[in-house]
Amino acid sequence: MKNIRNFCIIAHIDHGKSTLADRLLEFTKTVTHREMQAQLLDDMDLERERGITIKSHAIQMDYLLDGEQYTLNLIDTPGHVDFSYEVSRSIAACEGALLLVDAAQGIEAQTISNLYLAINHDLVIIPVLNKIDLPGAMPEEVKDQIVDLIGCDREEIIHASGKEGIGIEEILYAIVHRVPAPKGDPDAPLQALIFDSVFNSYRGIEVIFRIKNGSVRKGDRVKFMATGKEYFADEIGTLRLQKQPKEVVECGDVGYLISGIKVAREVKVGDTFTHIHRPSPTMIRGFEEVKPMVFAGIYPVETSEYEDLRDAMEKLQLNDAALVWEPETSAALGFGFRCGFLGMLHMEIVQERLEREFDMTVITTVPSVQFNVINSKGELMRVSAPSEMPDPNFIGSIEEPFINAQIISKSEYVGAIMTLCMDKRGMLKNQIYLTADRVELQFSMPLAEVVFDFFDRLKTISRGYASLDYELSGYQESDMVKLDIMLNGDRVDALSAIVHRTKAYEWGKKLCEKLRELIPRQMFEIAIQAAIGQKVIARETVKAMRKDVLAKCYGGDISRKRKLLDKQKKGKKRMRQVGNVEIPQEAFMAVLKIN
Ligand code: GDP
Ligand code: MG
């Protein structure tokens with residue numbers, strides 16, 4: 001145990017975590033030259049395509065230093081604010097963290113928030129100045145920032161480049177010498193913290209854990225403390241590039257367990273498992289509860305796939321502990337699920353994973369934050385779907401969630417950022433010059449204005465030189481109204497939105513225009529109307545389709561006709577019939593595309 005080191009890599013997105021992880025794996029010969037590919041740990045297709053880390057990934061390395069053999073467990077973590085829950089769980093399994101800062105970018109918002117997560121868990125921080133090979137690197141300036149932020153000595157900061165392989169040996173040396181070995185009592189009753197899990201259709205659920213006390217042997221009978229379920233440890237081992245089965249996983253180590261668990265609900269990330277014989281009386285302090293920020297409905301395109309979708313959601317939840325959901329019905333869409341996400345990127349990823357990993361075709365409805373509605377009887381209702389909003393006559397008041405937003409940027413963009421934030425109903429709380437050229441701005445803003453397109457707009461106006469982090473600060477009373485959308489006179493609950501009254505007219509108008517673009521022509525005319533209560537505030541029309549697309553094939557050969565029909569069928573993916581109108585997925589997201 002004295003030769004085990006558990007550490008994670010934390011940083012702002014794109015500061016080079018995954019690339020540095022590659023170099024560490026290479027240097028320690030954990031992967032052969034043949035197996036090596038860039039951002040090796042980002043093994044999900046989605047991660048590779050988007051070039052971002054979504055999941056934390058654990059991998060074990062051997063390292064020989066001064067004649068001692070060390071076991072290093074590395075956990076690579078995502079940097080995007082939507083996935084900070086992944087980061088906080090990884091941190092709970094570690095004693096140390098490499099804090100990477102891009103030498104050309106300097107400290108960004110998630111550098112700070114991830115650092116605080118690590119400090120809260122008493123992790124030893126090893127500061128690394130990364131990407132020093134870049135021509136635009138400003139090592140002295142960024143080192144000043146790091147010293148300011150964590151109060152370390154300048155000499156503690158390691159110069160590195162994941163790309164060029166600079167500083168790798170020094171980092172490994174620092175991990176061995178600065179990160180403490182795991183504490184814990186190898187002879188105490190077993191306590192293993194489950195910090196991740198994966199559904200495997202052949203072998204059942206794989207549980208990833210970190211042992212705090214005791215040890216576990218292959219074949220042991222173990223009990224998951226939160227669920228009370230008991231299993232045999234059919235296979236245990238450590239995580240290399242492939243899983244490496246072992247007879248025993250020791251105190252302090254990170255490993256996996258397979259015991260033929262088929263039911264997703266039986267595994268809870270954050271749970272502790274222990275032995276049936278000589279059980280531990282206490283669980284390990286789990287993780288803070290996830291606070292979803294954005295809610296939306298997820299519905300199967302084919303209503304008959306509701307049960308399959310439930311099954312898929314349960315399996316996905318195993319691997320995405322930040323996803324929360326419950327059943328919901330919509331007048332327009334039928335049976336589906338109300339889901340809570342950490343942000344829009346998280347929502348997008350969930351939708352894509354359902355489609356890719358579970359072969360589901362789903363519709364996601366208009367996203368919303370959660371409002372507190374105090375009804376006329378003085379009762380508090382939590383409303384996260386416009387359809388749950390009571391009739392205006394029964395509403396006493398509505399409170400909406402507010403956040404403290406922290407934006408770091410260059411001083412030349414301060415004016416543009418202020419304008420954007422004011423437009424989003426934000427209030428400037430504080431302005432701190434980090435250096436002559438870098439400013440930290442703190443705003444109080446409604447969450448609803450930030451979760452949707454705010455970040456993209458911030459990036460645009462600052463030419464990429466702004467980073468954002470935020471936390472919920474509480475609820476404040478706001479003048480919100482429900483904006484209904486009607487198609488041919490029928491209200492479509494899945495298209496309505498809750499918006500601030502000052503913006504309702506503009507939104508209604510723009511939303512109708514956008515929907516007109518997005519809803520394809522059909523055999524009949526479609527009237528699109530926006531209404532507040534009984535009052536219609538905007539109207540657009542989708543003209544009827546004039547020509548039968550098949551007409552061109554009249555008399556033509558049948559295979560061509562069939563191809564065309566097939567093409568139409570494919571085009572139908574992600575469309576839902578509401579009443580007699582076909583609505584494509586993009587229409588449900590139209591609200592996000594106005595401005
Ligand atoms: P992550 O989001 O923190 O995991 O960052 P990645 O490892 O995915 O790297 C983000 C981008 O920076 C990629 O395009 C990398 O090729 C690039 N990059 C990573 N490390 C270095 C480095 O040391 N020097 C340079 N010049 N580029 C790097
Ligand atoms: Mg990464």
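Read-outs throughout are calculated quantities, based only on the coordinates presented, and are distinct from any laboratory measurement. Not measured: the values here are computed from a predicted model. Positions of Cβ are generated from backbone atoms using ideal geometry, with glycine treated the same way; all protein chains shown enter the neighbour counts.
Summary of computed values
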| read-out | value |
| --- | --- |
| Tally, over segment 434-484, of residues that are outside any strand (DSSP E or B) and of a type in the set (Ser, Thr, Tyr) | 5 |
| Of the criteria (1) farther than 17 Å from PRO180 by Cβ; (2) crowded, with 24+ Cβ neighbours inside 10 Å; (3) away from ligand 2 (no atom under 16 Å from the Cβ); (4) of a type in the set (A, V, I, L, M, F, W, C), which one VAL101 fails | (3) |
| Any chance LYS459 is touching a strand residue (DSSP E or B) at 6+ places or on another chain (Cβ under 7 Å), in contact (Cβ under 8 Å) with a residue 60 or more places away in the chain and of a type in the set (Lys, Arg) | no |
| Where a residue in segment 35-54 is more than 19 Å from SER90 (Cβ to Cβ) and its partner, wherever it lies, is within 10 Å of ligand 1 (Cβ to nearest atom), with Cβ under 6 Å and at least six apart | ARG48/ASP42 |
| Selection from segment 476-525 of residues that are without any contact (Cβ under 8 Å) to a residue 60 or more places away in the chain, β-branched (Val, Ile, Thr) and surrounded by 21 or more Cβ atoms within 10 Å (Cβ to Cβ) | ILE485, VAL499 |
| Wholly enclosed helices (runs of 4 or more DSSP H) of segment 11-107 bearing at least 2 residues under 24 Å from the mean Cα position of the chain (by Cα), of a type outside the set (Asp, Glu) and more than 13 Å from ligand 1 (Cβ to nearest atom) | 84-91 |
| Residue check for ALA160: in contact with a Lys or Arg (Cβ under 9 Å, 6 or more places away or on another chain) and within 15 Å of ligand 1 (Cβ to nearest atom) | yes |
| Residues that are surrounded by 20 or more Cβ atoms within 10 Å (Cβ to Cβ), more than 16 Å from ligand 2 (Cβ to nearest atom) and part of a loop (DSSP other than H, G, I, E, B), drawn from segment 158-177 | GLY167 |
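Yes/no per residue for (1) without any contact (Cβ under 8 Å) to a residue 12 or more places away in the chain; (2) farther than 21 Å from THR272 by Cα:
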position: ILE125; (1), (2): no, yes
position: ASP153; (1), (2): yes, yes
position: ILE157; (1), (2): no, yes
position: LEU172; (1), (2): no, yes
position: PRO186; (1), (2): no, no
